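Remarks on the structure that follows.
The values are calculated or read from the model by the stated rules, or taken from the named source; none is laboratory data. Just so it is clear, the model here is predicted, and its values are computed rather than measured. With ideal geometry, Cβ positions are generated from the backbone for all residues, glycine too; neighbour counts draw on all protein chains shown.
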Amino acid sequence: MHLPESMGELSVDYICGDCVHESHLSHEIKQRSKIGLCSYCDTEEPVISIDELADRISAAFEEHYVRTPEYSDGSRHEEWYREGQPVIEAIMEAAEVSEEIAQKVQIILENAFADRDSAEMGQETEFAEESFYKAKKASDRALQEEWSQFEASLKTEARFFSRSAADHLAKVFGHIDLLKTFNGKPVVVNAGPGQEIADLYRARVFVSDPPLEEALCRPDLRLGPPPAKYAAAGRMNARGISVFYGATEAKVAIAEVRPPVGSRVAVARFDIIRPISLLDLSALPSIHQPGSIFDPEYGRRLGRAFFLRSLTRRLVKPVMPGDEEFEYLSTQAIADFLGNENDPLLDGIIFPSVQASSGINVVLFHKAAVVETIELPKGAKLTAYLETLSDEETEPDYLVTERVPTPKHTGEPDKWLNPFQNASVDRAGYKQYEATLRVDLDSVAVHHIDSAQFGGPPPFPVSRRRHQLPAFGADDTADF
């Protein structure tokens, strides 16, 4: 509210920034151009009137404090105490001013809010001398309502989110890299060489030999993200948008693919070879939003932090089979926004596994879901072997052989062929972005699933050997 310009003797008091210790308000006073004599320390400094200070405190209390009930509502029979703290103490604490200043502010505000009807009925009004105040809980009602409209719009109006939806997501995620948790942990973390998350595991289920053989020969192509035409819709991607779903542990990657009993699961570790930025959903419930109640934008930021604390639960909630088409729409739109429109752009999301209680999953968005192609010489022939004969019985024994031609001696250094290293488009005609991942060929292993709890023998490592053969003809190409 705006107070009357004159409130008698009190209205001529002025206060300097050194007598107000709340940092935001103190700084604001010190930036004023009006120089005057402070009524409380007798120095010539930039000042504001005590009326203006009261106006600022009134506005801050309206948004961030609530006056507590004067009497018990009678619903509880135990001894009742009024919640909060006396109004003068609340003003002293909020603005960090002396008791003398707080008392004068309280008198100004009590007079401003007093009315005859309340006085005649004995009703307490705002900032009355005997009133008590306590801090309000942050409210995210506006963002909750916008979020509900956002989800409804995607399900009933348009599969591609509108400008209003993008504006809503910008309110939620814009500059999210500046946020931290109560213990100082960043919400957006760096991953890649030298970071805590430096590699990811990815798994794929196989129920027949030929696809498994292809995957063991070319794990960069067959265990990495699928080509666009084979990319099924997922929690963080629409159909046809290829992304990389991985986990920080092999066992979590296996749990996420939910392999049936009797199947085999090929698992590989992919090293992250360049720095990337990931939104850590597990950090959102602990977001801390410092600030000043005298900053007009602080209430909005508090509401946003309050909303983000509940967002993880929304984004990773289990979805029943058959409901994915509708229930994944909002998370798909968020992933697309974060990777293509947000400020700053992000490369992926870290989120808790719904299949493994303590597991951590990572999805890399389309632009970051690029696996470096294995370098093979022209004419290389790859063959995968899945078993060996021992004592007239076959046993699992995984081996990949690379038959490569003997390099021709031309007097020039030998050049290995990487058919994609200079390509601007991939084989399906989509833009090829900078590689983010490199498969560790020594990490490839095959797990046999013998029970619903993923039990079975220890994983079988996949050996890889290279043999040189006489040079092939110029038209020979790699098998895969």
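Looking across the range 437-458, the residues that are surrounded by 10 or more Cβ atoms within 10 Å (Cβ to Cβ) and at pLDDT below 90 come down to 450, 452, 454, 455, 456.
Just one of (1) of a type in the set (Val, Ile, Thr); (2) outside any strand (DSSP E or B); (3) modelled with pLDDT of 95 or more fails for residue 410. It is (3).
Does residue 346 fit the bill of being at pLDDT 95 or above and assigned to a loop (DSSP other than H, G, I, E, B)?
yes
Residues in the range 356-398 that are in contact with a strand residue (DSSP E or B) (Cβ under 9 Å, 6 or more places away or on another chain), under 30 Å from residue 336 (Cβ atoms) and of a type in the set (S, T, N, Q): 358, 361. Scoring residue 189 on the criteria (1) more than 24 Å from residue 445 (Cβ to Cβ); (2) out of contact with any Pro (no Cβ under 6 Å at 6 or more places or on another chain); (3) part of a helix (DSSP H, G or I) leaves a single failure, condition (3). Within the range 278-298, the set of residues being touching a helix residue (DSSP H, G or I) at 6+ places or on another chain (Cβ under 7 Å) and under 23 Å from residue 61 (Cβ atoms) comprises 289, 291, 292, 293, 294, 295. When each of 306, 294 is tested for being at pLDDT 95 or above and hydrophobic (A, V, I, L, M, F, W, C), the lone residue that passes is 294.
Quick grid of which residues meet (1) touching a strand residue (DSSP E or B) at 6+ places or on another chain (Cβ under 8 Å); (2) free of Cβ contacts under 8 Å to residues at least 40 places away in the same chain; (3) crowded, with 20+ Cβ neighbours inside 10 Å:
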site: 178; (1), (2), (3): no, yes, no
site: 181; (1), (2), (3): yes, no, no
site: 191; (1), (2), (3): yes, no, yes
site: 203; (1), (2), (3): yes, no, yes
site: 219; (1), (2), (3): yes, no, yes
site: 224; (1), (2), (3): yes, no, yes
site: 231; (1), (2), (3): yes, yes, no
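Suppose we filter the range 353-390 for residues that are out of contact with any Ser or Thr (no Cβ under 6 Å at 6 or more places or on another chain) and in a strand (DSSP E or B); how many remain? Count: 12.
A search for C-beta distances below 6 Å between a residue of the range 153-176 that is more than 18 Å from residue 328 (Cβ to Cβ) and any residue that is modelled with pLDDT of 90 or more and exposed (fewer than 13 other Cβ atoms within 10 Å of the Cβ), counting only pairs 6+ apart in sequence or on different chains, returns 174/343.
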